[in-house]
1. Run through region 38-73 and list the trypsin sites (Lys or Arg not before Pro) located in a DSSP loop whose Cβ has at most 10 other Cβ atoms within 10 Å.
2. Nearest 10 degrees is fine. How inclined is helix 2-25 to the longest principal axis of the chain, computing both from alpha carbons?
3. Just to verify a number: FRET efficiency for ARG38 and MET1, C-beta to C-beta distance, R0 = 30 Å, to 0.05?
4. Could you size up the charge dipole of the chain around its Cα centre, putting +1 on the beta carbon of Lys and Arg and -1 on that of Asp and Glu, and report it in debye to the nearest 20?
5. With unit charges on the beta carbons (Lys and Arg positive, Asp and Glu negative) and the dipole taken about the Cα centre of the chain, which residue among PHE44, ILE11, LEU24 sits farthest to the positive side?
6. Between VAL13 and LEU59, what is the spin-label point distance in nm, taking each point 7 Å from the Cα along the Cα→C-beta axis?
7. Roughly what angle does helix 30-67 make with the longest principal axis of the chain, taking Cα atoms, 0 to 90 degrees, to the nearest 10?
Amino acid sequence: MRRMFGFLIGIFVGSLVGAVIALLLAPDSGERLRAQLRDRGQNFLTDVRHSADARRIELRGRLETLRSPRDEF
């Protein structure tokens, strides 16, 4: 239990140090950085939605093909 607690403390401290270093070395202001992150997130979600729609259309076509009666000889 002690090792697990030490591991969790290490993760927390490492995350905190990493966040502080990232903020100190950030090339842009906070507002600009947040706007860029927001735009990237929106673009990512848009891309995911388009990909999901394309895949849905493809799978519906396959499903219709499987559901259609087959010509047997």
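1. Within region 38-73, the qualifying trypsin sites (Lys or Arg not before Pro) (loop, at most 10 other Cβ atoms within 10 Å) are ARG70.
2. 90
3. 0.15
4. Result for the chain is approximately 340 debye, rounded to the nearest 20.
5. Checking the options against the dipole of the chain, the answer is ILE11.
6. Those two pseudo-labels are separated by 4.6 nm.
7. On a 0 to 90 degree scale, this one is about 20.
Bear in mind that the values in this text are calculations on the coordinates, not laboratory data. Just so it is clear, the structure is predicted and the values come from calculations on it, not from any experiment. Methodologically, a virtual Cβ is constructed for each residue, glycine included, from the backbone with ideal geometry; neighbour enumeration extends over all protein chains shown.
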